[in-house]
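Asks: Could you have a look at this structure, given as structure tokens, before my questions?
The values are calculated or read from the model by the stated rules, or taken from the named source; none is laboratory data. What you see is a predicted model; the values in this text were computed from it and never measured. Reconstructed Cβ throughout: ideal geometry from the backbone, glycine too, with neighbour counts over all protein chains shown.
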Amino acid sequence: MNTAMSIGRPTDRPSAQPGRFQPQQPVETPLVQLLRPDGTLTSDPDFAPTLSAGQVAEMLRDMTLIRRFDTEGTALQRKGQLSLWAPLLGQEAIQVGVHAALGQHDHVFPSHREHGLAMLMGLPVERLLGIFTGQETGDWDADEVRFHHLNMVIGGHTLHGVGYAMAQQRDRQADAAADDGVSLIIHGDGAISEGDVNEAYIFAAAYQAPAVFLCVNNQWAISEPVERQSIVPLYQRAWGFGIPSVRVDGNDVLAVHAAMQWALDRARNGEGPSFIEAFTYRVGAHTTSDDPTKYRSKEETADWQIKDPLSRTETWLRSEGAWDDAQQAHLDQEAEAFGAQVRSAVNNVTTPRFEEIFDRVYAEPTPDLIAQRAQVLREVAAL
Amino acid sequence: MNTAMSIGRPTDRPSAQPGRFQPQQPVETPLVQLLRPDGTLTSDPDFAPTLSAGQVAEMLRDMTLIRRFDTEGTALQRKGQLSLWAPLLGQEAIQVGVHAALGQHDHVFPSHREHGLAMLMGLPVERLLGIFTGQETGDWDADEVRFHHLNMVIGGHTLHGVGYAMAQQRDRQADAAADDGVSLIIHGDGAISEGDVNEAYIFAAAYQAPAVFLCVNNQWAISEPVERQSIVPLYQRAWGFGIPSVRVDGNDVLAVHAAMQWALDRARNGEGPSFIEAFTYRVGAHTTSDDPTKYRSKEETADWQIKDPLSRTETWLRSEGAWDDAQQAHLDQEAEAFGAQVRSAVNNVTTPRFEEIFDRVYAEPTPDLIAQRAQVLREVAAL
Amino acid sequence: MSQLNSAAPNQTTTTLTLAKALNAGMRAALAADPKVLLYGEDIGSLGGVFRVTEHLQKEFGEERVLDSPLAESGLIGTAIGMAQRGYRPVVELQFDGFVFPGFDQITQQLAKLRFRSQGRVELPVVVRFPYGGGIGSIENHSESVEAYFAHTPGLTVVTPSNPNDGYWMIQQAIATPDPVIFLEPKRRYHEKGVVQLDAPAHGLHEAAVVRPGTDLTLICWGPMVRTCLDAAAAAEKEGRDLEVVDVRSLQPLDFATIARSVEHTSRAIVVHEAQRNYGPGAELAARLQEELFYVMESPVLRVSGYDTPYPPSKLESDWLPNLDRVLAAVDQSMAY
Amino acid sequence: MSQLNSAAPNQTTTTLTLAKALNAGMRAALAADPKVLLYGEDIGSLGGVFRVTEHLQKEFGEERVLDSPLAESGLIGTAIGMAQRGYRPVVELQFDGFVFPGFDQITQQLAKLRFRSQGRVELPVVVRFPYGGGIGSIENHSESVEAYFAHTPGLTVVTPSNPNDGYWMIQQAIATPDPVIFLEPKRRYHEKGVVQLDAPAHGLHEAAVVRPGTDLTLICWGPMVRTCLDAAAAAEKEGRDLEVVDVRSLQPLDFATIARSVEHTSRAIVVHEAQRNYGPGAELAARLQEELFYVMESPVLRVSGYDTPYPPSKLESDWLPNLDRVLAAVDQSMAY
Ligand SMILES: Cc1ncc(C[n+]2csc(CCOP(=O)(O)OP(=O)(O)O)c2C)c(N)n1
Ligand SMILES: Cc1ncc(C[n+]2csc(CCOP(=O)(O)OP(=O)(O)O)c2C)c(N)n1
Ligand SMILES: [Mg+2]
Ligand SMILES: [Mg+2]
């Protein structure tokens, strides 16, 4: 081959000054925390709590109900009433803190573990459970609930959220009276490696879309620790895309709320996308099909349980005199009642008639689908 | 829907302290430049030139031949001998600077405009031209040339380069006597938006692969300015992946060489991937099918021509007394001869017999392919 | 600027190339509905690499005709999001070979969101791109990818073969409440034809008999319609009367029109550029033998690209179905 | 640890589930060739979500069995790079529904690099993943994607239906110099069968008559082989003698074996889980009608998934081909 025509210079020139240059490493910002694991307040140079004790008490109530919902989900799966459940245990503060910061026109593009947020947004529990019973795939009006449909291909929904935000922006450009909603896009620490998620950052930045990315870093993507995805803290990923970012203690409902307010405000004010990494822990299994003992130690999980979001909130409220045993007892009752409602709700999920699937593929069924539906109905009739 | 069971809290809590927090913006590093557009030397705190004037004279020669090659490519396309050409005019310093820094076992995973680098690596010019005549798709042994095949799906090859680097690393782990080669992965400012390219950063960082990313920022992706891809300088993209990065003047062959040495050394020393943004300009059209007058001004292009990589190198060499009219005249002659060689080389590209394609799909043709080849041969025979 | 705009007001036909007819169709759609957006790489000031969107950004503004970052998955994924809020994005992908980075968004998201939401989410997104070979391009610029999409429930797949269909089908596609994969036969972009300005001749999902005949039916679409019409003209000289059906819509397939033709001719050949194995022609053959088992006088034959990747362009004319190969298949079919 | 390791040295058969047989086959391949690597999400300490790679990281180390970041395109793209340097990566994708983010790397890169390099680059990469429905999963976890890959030149596509094939075919696939899409019927992972330890019964690309019969040929693969064998057993009671052919390799297709069977029975039904439209069965029907036109006593029928996205799992048993639907098609075919 070397006899054919080419320029062909040898490549054989080793370095004269190896490794001298150390490129400037961007400075790490510390974790935003307002409420310590022991339930005492701390302060942050940039974020201050803006909630009254009464509001926090309401959030404790929400976290408790969400936890109860999750416990029931796991139990229903054990009893065979759900085919799968993805526990959110330990991640309650994120979902409640986020929800408390959302405006009334904001839209959520969730990942697969935001069941609590779904409930808070008003999604009927039956509709969510229907996905996990295998009866439904998303029987709700996302325009109304503002909690969009669950997508099982990790990361794919992040682009939908960015497109939706582009549309919100466009609506306001066309009509000043359009609503002030922005889009919240939630993804995990594993999802951050998908091309789609990185493209979502690119499009959001390029169009300065009113979008907020919430990366729920629960330290695990099934069996893979976050270190398999990134060798630097995840909030730093946003730097390379020109998106301001911050890491908050995801088990601190005050910090999550404050950071989310900041990010949603930026979006609403036309300042473009932001990125929040909520640092938390997946206390439970990935799903009820998973066996975490294969890949992580009990000690690790126990360590994190000390950082529990609920107990620190309760401790603080009690120290403020804003929570007492009577309230707790009332809340426990409420949770008990809620649990019972969940258990009965699962029975309200109905399986669609099989032939309905033919009407859901297109606005109008195609000739093939009409024929296939007719065939199915004939077979049913023949039984 | 709201009558069904849910928690359902209103989301209507506007912010109390809008936009107070300003997240720390990483500090910008300046452009690395060693040779100014006017041909005078400058200094950089981190990078110093390591080349003798004689070596630089050789690089001027390479740049001149490459430019000639490019001119011939464009001319051959005009004459109808190529169906397409992607001009590299203005980007010569990058290809020559890179080449001068490469070690003898390093592998290049190029983008679609690295024709000059291909020539320097010893790829026979016929093989490259064959792609643009439409006769060949990549008739060379990449193991031997170390310049890998051109992939036309923007960004896809970056992952191959990372995988190859992972294999190089693995080879050395298995056998200390394995070669010290690393992988150089080249992509453009447009390509940086593709999911694959971002995943390439992720995998390279996760496995600390001995890979160097060279982002050739020539300001344009066909008709789209780099601002359509990113609102921050491109070298910063690497920050979010934990990959050290630097921006160099891509029209300064000394700076490109110095930065490339640094990055290749890091890879070779097991320090993981690096990222170099070479800041340059696509002086020509995207390809010979393109019409840049539709989307950019003549002034912009003229401004950049002042920064020409060849003239500044020549000026400096002359000021050093390392270049004179006689040498220039000799080089012009050499380029002339080279041009003639290119023009005749294009005639040496032969079109494969059609039936050969059936043997290139699998190691052994399948029964279908054997039958189709036989059918084709029968048809040919029948003519 | 547009040849249509400059037409006399009561003009009812005009002559355009396919590329200009598509341009005129998109102009009409942009003018008719403010929710229609064009979105793609290099579609703005450049007007697309084939100039199919030429001038449209200038006329309708950057808010209606958007250049996107170079990322196909992002392009389709964000178009989905815009459609979820009521926009009607018309996405241009630059070439057939570049749909694959967006394949997940097309087949798992765009195609499935209506089903996932149990019928509630409507995604009127058109994904249009030039396809097929014959223009002397480099790798990944000549692919015929229709089977991948036609096999994916939730997508519709259509392809015009001439300027009139280009003008109308793009408008019909944009008006469709479902995702449409809109395949433009790039080698026909510059072929001219008469465009009827008053009304479309066919619905978007109708097949059309573009040449009546009695001896055999050539079934084809997009770039192969011209090839088959030429073959039919050549066959006529040999005394054979071939019918040519332009399928126009691969999904849904107007099998009734195709079957009507074959019932009448009893013989059929499917002609397409895509590779044969598990290719689009297989579905036509499978249906015809099933539905018209007693009608067929000979097996349904397929004339197609060979089962290799698309070859270097200097070899493409031997790879693509051409008049000779179609006529050879006709001989073969008639010999049964 | 492995059931095979604990087998007596001169044992020539053992009984394993399909999942364990695949595991044993990969263990053998890892032991035989240091260039073989396993690569995928959660395949290391977890052993994959179906435990098909269980214990292998422990046995062969993290350098041979690699957990990858959560990105399918990256996974396949970097596997290609490793193969370019002589490694033999066996990539696991977690579910059929997650191949699509990697679709470009599979169809435009993995499939084409040999052709692009004019035969020079060899990519012995296996992309294996569980496919098909029937296990009560959520969306995107039950897809039958074989047609997409079988239509793509440069790929080979195989699927075992039983533990013995699982054990041998994975080893044969790893030894293949070309890319192999290796489809594992997930609903059969836990079905047990006898594994011959001495030698494989078939080449990787051979079809197999798994039940001889005279009246009609059921053509099937992967998860549907068991269904067809059950149907044949049921039909026997009604006095019908059905032959069952396990296709095993969709690309290349061993059409000779299939044709031999149908020449003999004159009737055929293709049974697959994938959707019908432009699905894999179309190719079989198209070929049979073409090659055996005068042989066929009735049209080739297809029993398949319906042309909708895969339904919610509570509906899947009505969606998937089952014994009743196969038998109904047999009746229909015999009635011609
Ligand atoms: C494209 C794709 N690849 C793989 C999977 C399988 N999978 C489901 S969840 C998951 C881990 C996700 O981790 P993370 O993003 O951190 O979210 P978490 O589950 O921790 O909430 C994986 C790999 C998938 N659903 N989609
Ligand atoms: C996936 C894909 N999308 C689109 C294209 C069409 N295309 C070819 S080159 C190019 C621009 C590339 O820009 P850049 O990466 O900056 O490289 P440059 O051409 O400037 O060297 C585009 C959009 C392609 N080849 N592949
Ligand atoms: Mg996680
Ligand atoms: Mg560029």
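Asks: Based on this model, can you work out whether residue B:177 counts as of a type outside the set (Phe, Trp, Tyr) and within 16 Å of ligand 3 (Cβ to nearest atom)? Explain how you work it out, then say what you get.
Replies: Details: of a type outside the set (Phe, Trp, Tyr): yes; within 16 Å of ligand 3 (Cβ to nearest atom): no.
Criteria not met by residue B:177.
Asks: Also: Give D:70, D:113 a once-over and let me know the one that is within 16 Å of ligand 3 (Cβ to nearest atom) and either within 9 Å of another protein chain (Cβ to nearest Cβ) or modelled with pLDDT under 95 (or both).
Replies: Details: D:113 fails: within 16 Å of ligand 3 (Cβ to nearest atom).
Being within 16 Å of ligand 3 (Cβ to nearest atom) and either within 9 Å of another protein chain (Cβ to nearest Cβ) or modelled with pLDDT under 95 (or both) holds for just one of D:70, D:113, which is D:70.
Asks: Turning to a different aspect of this structure: Which residue pairs have Cβ atoms closer than 6 Å, lie 6 or more positions apart in sequence or on different chains, and pair a first residue in the stretch B:341-362 that is not assigned by TED's automatic domain parsing to the domain that holds residue B:136 with a second residue that is among the charged types (D, E, K, R) and part of a loop (DSSP other than H, G, I, E, B)?
Replies: B:362/D:178
Asks: Shifting gears a bit: Got a number for residues in the stretch B:216-236 being of a type in the set (A, V, I, L, M, F, W, C), more than 13 Å from chain C (Cβ to nearest Cβ) and within 15 Å of ligand 4 (Cβ to nearest atom)? Walk me through it before giving the result.
Replies: Quick first cut of the stretch B:216-236, residues of a type in the set (A, V, I, L, M, F, W, C) only: B:216, B:220-222, B:226, B:231-232, B:234.
If we keep only those that are more than 13 Å from chain C (Cβ to nearest Cβ) as well, we get B:216, B:232.
Still in the running and within 15 Å of ligand 4 (Cβ to nearest atom): B:216.
The qualifying residues number 1.
Asks: In addition: Tell me yes or no: at least one residue of the stretch C:241-249 is within 14 Å of chain B (Cβ to nearest Cβ) and in contact (Cβ under 8 Å) with a residue 60 or more places away in the chain. Working first, answer last.
Replies: Quick first cut of the stretch C:241-249, residues within 14 Å of chain B (Cβ to nearest Cβ) only: none.
So far as the stretch C:241-249 goes, no, none of its residues is within 14 Å of chain B (Cβ to nearest Cβ) and in contact (Cβ under 8 Å) with a residue 60 or more places away in the chain.
Per-residue answers, yes or no, for (1) touching a strand residue (DSSP E or B) at 6+ places or on another chain (Cβ under 9 Å); (2) touching a residue at least 12 places away in the same chain (Cβ under 8 Å); (3) crowded, with 23+ Cβ neighbours inside 10 Å:
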{"residue": "D:300", "(1), (2), (3)": "yes, yes, yes"}
{"residue": "D:305", "(1), (2), (3)": "yes, yes, yes"}
{"residue": "D:313", "(1), (2), (3)": "no, yes, yes"}
{"residue": "D:316", "(1), (2), (3)": "no, yes, no"}
{"residue": "D:320", "(1), (2), (3)": "yes, yes, yes"}
{"residue": "D:323", "(1), (2), (3)": "no, yes, no"}
{"residue": "D:327", "(1), (2), (3)": "no, yes, no"}
{"residue": "D:330", "(1), (2), (3)": "yes, yes, yes"}
{"residue": "D:336", "(1), (2), (3)": "no, yes, no"}
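Asks: Taking the stretch A:179-217 as the search range and keeping residues that are among the aromatic types (Phe, Trp, Tyr) and either within 13 Å of ligand 1 (Cβ to nearest atom) or crowded, with 24+ Cβ neighbours inside 10 Å (or both), which one is nearest to residue A:97 (Cα to Cα)? Walk me through it before giving the result.
Replies: Going through the stretch A:179-217, the residues among the aromatic types (Phe, Trp, Tyr) turn out to be A:201, A:203, A:207, A:213.
Now drop any that are not either within 13 Å of ligand 1 (Cβ to nearest atom) or crowded, with 24+ Cβ neighbours inside 10 Å (or both), which leaves A:201, A:203, A:213.
Values: A:201: 23, A:203: 26, A:213: 15 Å.
Out of the qualifying residues, it is A:213.
Asks: With respect to residue B:117, determine if the residue is assigned to a helix (DSSP H, G or I), more than 10 Å from chain D (Cβ to nearest Cβ) and within 14 Å of the chain's Cα centre (by Cα). Step through it out loud before you land on a result.
Replies: Values: assigned to a helix (DSSP H, G or I): yes; more than 10 Å from chain D (Cβ to nearest Cβ): yes; within 14 Å of the chain's Cα centre (by Cα): yes.
In short, yes.
Asks: For residues in the stretch C:41-67 being away from ligand 2 (no atom under 16 Å from the Cβ) and within 12 Å of chain A (Cβ to nearest Cβ), which is farthest from residue C:190 (Cα to Cα)? Give the derivation first.
Replies: Going residue by residue through the stretch C:41-67, those that are away from ligand 2 (no atom under 16 Å from the Cβ) are C:54-65.
Then drop every residue that is not within 12 Å of chain A (Cβ to nearest Cβ), which leaves C:61-64.
Details: C:61: 26, C:62: 27, C:63: 29, C:64: 26 Å.
Result: C:63.
Asks: Next question, about the same structure. Are any of the residues in the stretch C:293-302 within 14 Å of chain B (Cβ to nearest Cβ) and modelled with pLDDT of 95 or more?
Replies: In the first step, residues of the stretch C:293-302 are kept if they are within 14 Å of chain B (Cβ to nearest Cβ); the result is C:301-302.
Within this subset, residues satisfying the condition of being modelled with pLDDT of 95 or more are C:301-302.
Checked the stretch C:293-302: at least one residue is within 14 Å of chain B (Cβ to nearest Cβ) and modelled with pLDDT of 95 or more.
Asks: If the Cβ limit is 8 Å and pairs must be 6+ apart or interchain, which residue in the stretch B:82-107 that is more than 14 Å from chain A (Cβ to nearest Cβ) pairs with which residue that is of a type in the set (Asp, Glu) and assigned to a loop (DSSP other than H, G, I, E, B)?
Replies: Once the first residue is more than 14 Å from chain A (Cβ to nearest Cβ) and sits in the stretch B:82-107, its partners that are of a type in the set (Asp, Glu) and assigned to a loop (DSSP other than H, G, I, E, B) give B:90/B:308; B:93/B:252.
Asks: Return the total of residues in the stretch A:197-220 being under 25 Å from residue A:95 (Cβ atoms) and either away from ligand 3 (no atom under 16 Å from the Cβ) or not assigned by TED's automatic domain parsing to the domain that holds residue A:264 (or both). Full working, then the answer.
Replies: Applying the first criterion (under 25 Å from residue A:95 (Cβ atoms)) to the stretch A:197-220 yields A:197-198, A:200-201, A:204, A:209-220.
Okay, now just the ones that are also either away from ligand 3 (no atom under 16 Å from the Cβ) or not assigned by TED's automatic domain parsing to the domain that holds residue A:264 (or both), so A:198, A:200-201, A:204, A:209-212.
Here the count works out to 8.
Asks: Condition check: part of a helix (DSSP H, G or I) and surrounded by fewer than 22 Cβ atoms within 10 Å (Cβ to Cβ). Does residue C:24 satisfy that? Talk me through it step by step, then tell me what you get.
Replies: Numbers: part of a helix (DSSP H, G or I): yes; surrounded by fewer than 22 Cβ atoms within 10 Å (Cβ to Cβ): no.
Criteria not met by residue C:24.
Asks: What are the residues in the stretch B:160-198 that are in contact with a Pro (Cβ under 6 Å, 6 or more places away or on another chain) and away from chain D (no Cβ under 11 Å), if any? If you could, list the steps in order and put the result at the bottom.
Replies: At the first step, the residues of the stretch B:160-198 found to be in contact with a Pro (Cβ under 6 Å, 6 or more places away or on another chain) are B:165, B:168-169, B:182, B:186, B:193.
Within the stretch B:160-198, B:182, B:186, B:193 meet the criteria.
Asks: Still on this model: Quick one: in the stretch B:12-27, of everything that is at pLDDT 65 or above and surrounded by 13 or more Cβ atoms within 10 Å (Cβ to Cβ), which residue is farthest from residue A:102 (Cα to Cα)?
Replies: The extreme case among them is B:23.
Asks: I want to confirm something. Restricting to the stretch A:267-303 and keeping residues that are without any contact (Cβ under 8 Å) to a residue 40 or more places away in the chain and either surrounded by 22 or more Cβ atoms within 10 Å (Cβ to Cβ) or of a type in the set (S, T, N, Q) (or both), which single residue is farthest from ligand 1 (Cβ to nearest atom)?
Replies: A:269
Asks: Can I ask one more? Pick from D:118, D:94: which is within 14 Å of chain B (Cβ to nearest Cβ) and either surrounded by fewer than 24 Cβ atoms within 10 Å (Cβ to Cβ) or among the β-branched types (Val, Ile, Thr) (or both)? Give the derivation first.
Replies: Working: D:94 fails: within 14 Å of chain B (Cβ to nearest Cβ).
Residue meeting the stated conditions: D:118.
Asks: Residues that are over 20 Å from residue C:143 (Cβ atoms) and in contact (Cβ under 8 Å) with a residue 12 or more places away in the chain: does the stretch C:220-227 have at least one?
Replies: Within the stretch C:220-227, the subset over 20 Å from residue C:143 (Cβ atoms) is none.
No; the residues of the stretch C:220-227 include none that is over 20 Å from residue C:143 (Cβ atoms) and in contact (Cβ under 8 Å) with a residue 12 or more places away in the chain.
Asks: Quick one: is residue A:206 free of Cβ contacts under 8 Å to residues at least 24 places away in the same chain, within 16 Å of ligand 4 (Cβ to nearest atom) and not aromatic (Phe, Trp, Tyr)?
Replies: Numbers: free of Cβ contacts under 8 Å to residues at least 24 places away in the same chain: yes; within 16 Å of ligand 4 (Cβ to nearest atom): yes; not aromatic (Phe, Trp, Tyr): yes.
The answer is yes for residue A:206.
Asks: Further question: Taking the conditions exactly as written (modelled with pLDDT under 95 and not β-branched (Val, Ile, Thr)), does residue A:101 satisfy them or not?
Replies: Working: modelled with pLDDT under 95: no; not β-branched (Val, Ile, Thr): yes.
No, not satisfied.
Asks: Can you run down the residue pairs with Cβ atoms below 7 Å, 6 or more apart or on separate chains, where the first is in the stretch B:215-241 and within 19 Å of residue B:296 (Cα to Cα) and the partner is more than 11 Å from ligand 2 (Cβ to nearest atom) and of a type in the set (S, T, N, Q)?
Replies: B:223/C:45
Asks: Out of B:353, B:312, B:360, report the one residue that is among the basic types (Lys, Arg), buried (at least 20 other Cβ atoms within 10 Å of the Cβ) and within 30 Å of residue B:373 (Cα to Cα). Lay out the reasoning, then the answer.
Replies: Numbers: B:353 fails: buried (at least 20 other Cβ atoms within 10 Å of the Cβ); B:312 fails: within 30 Å of residue B:373 (Cα to Cα).
Only one candidate passes the filter, namely B:360.
Asks: Across the stretch B:148-199, what is the total count of residues that are farther than 23 Å from residue B:123 by Cβ and part of a helix (DSSP H, G or I)? Walk me through how you get there before you give the answer.
Replies: Step one: filter the stretch B:148-199 for residues farther than 23 Å from residue B:123 by Cβ, giving B:166, B:169-178, B:189-190, B:192-199.
Next, only the ones that are part of a helix (DSSP H, G or I) stay: B:166, B:169-174, B:192-193, B:195-199.
The qualifying residues number 14.
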